[in-house]
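The values are calculated or read from the model by the stated rules, or taken from the named source; none is laboratory data. Note that this is a predicted model, so its numbers are computed, not measured. Note that we place each Cβ from the backbone using ideal geometry, even for glycine, and neighbour counts take in every protein chain shown. Please note that ligands, DNA and RNA were not included when accessible areas were found on the heavy atoms of the full protein model with its side chains. Shrake-Rupley method; radii C 1.70, N 1.55, O 1.52, S 1.80 Å.
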Amino acid sequence: QAQLVESGGGLVQAGGSLRLSCAASGRTFSSYAIGWFRQAPGKEREFVAARRWSGGTRYYAGSVKGRFTLSMDNAKNTVYLQMNSLKPEDTAVYYCAARQGYYSDTSDLYPYWGQGTQVTVSS
């Protein structure tokens with residue numbers, strides 16, 4: 001059973017930075033894609049970023065492109081989301097998710113999810 005545990009959320013002022021971590025365990029993820037999603041209060045869960053664990057193109061939502069960077073540490077089985085130039089509209093619970101195969105920006109296609117970590121950006 002795949003397990004994903006996020007950490008690194010918190011409260012930050014607009015313009016600041018945070019780095020989220022997603023520690024993966026329970027299986028070999030080399031054939032998986034890892035995605036980051038977020039959900040703000042009263043809104044649907046939305047795609048943020050994704051990439052295949054084995055490497056390749058990183059995909060970003062237009063709203064975060066140029067500000068957020070997804071990276072991986074294979075030795076630690078950990079995925080990171082570096083978030084710079086944060087805006088109040090980035091406030092949400094951030095989730096990492098995993099699925100076999102290629103990336104998708106559709107949350108329903110990811111069967112494995114972490115518990116989420118809260119990011120709050122004050123103006």
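Among the residues making up region 65-103, a single one is in a strand (DSSP E or B), among the charged types (D, E, K, R) and touching a residue at least 60 places away in the same chain (Cβ under 8 Å): ARG99. Only a single item in (1) under 17 Å from GLN3 (Cβ atoms); (2) open to solvent by 60 Å² or more (accessible area, probe 1.4 Å) is not met by MET72, and it is number (2).
Scanning region 37-47 for any residue that is farther than 19 Å from GLN118 by Cβ, in a strand (DSSP E or B) and either free of Cβ contacts under 8 Å to residues at least 60 places away in the same chain or not charged (D, E, K, R) (or both) turns up nothing. Residues of region 83-120 that are farther than 22 Å from LEU11 by Cα, touching a strand residue (DSSP E or B) at 6+ places or on another chain (Cβ under 7 Å) and among the acidic types (Asp, Glu): ASP105 alone.
Test of understanding: among SER30, SER104, which residue is open to solvent by less than 30 Å² (accessible area, probe 1.4 Å), of a type in the set (S, T, N, Q) and either at negative phi or modelled with pLDDT of 95 or more (or both)?
Testing whether each residue is open to solvent by less than 30 Å² (accessible area, probe 1.4 Å), of a type in the set (S, T, N, Q) and either at negative phi or modelled with pLDDT of 95 or more (or both) leaves just SER104.
All conditions but one from (1) open to solvent by less than 50 Å² (accessible area, probe 1.4 Å); (2) among the hydrophobic types (A, V, I, L, M, F, W, C); (3) more than 22 Å from SER104 (Cβ to Cβ) apply to ALA61; the one that does not is (3). In region 79-96 there is at least one residue that is polar (S, T, N, Q), under 13 Å from the mean Cα position of the chain (by Cα) and either more than 11 Å from ILE34 (Cα to Cα) or open to solvent by 50 Å² or more (accessible area, probe 1.4 Å) (or both).
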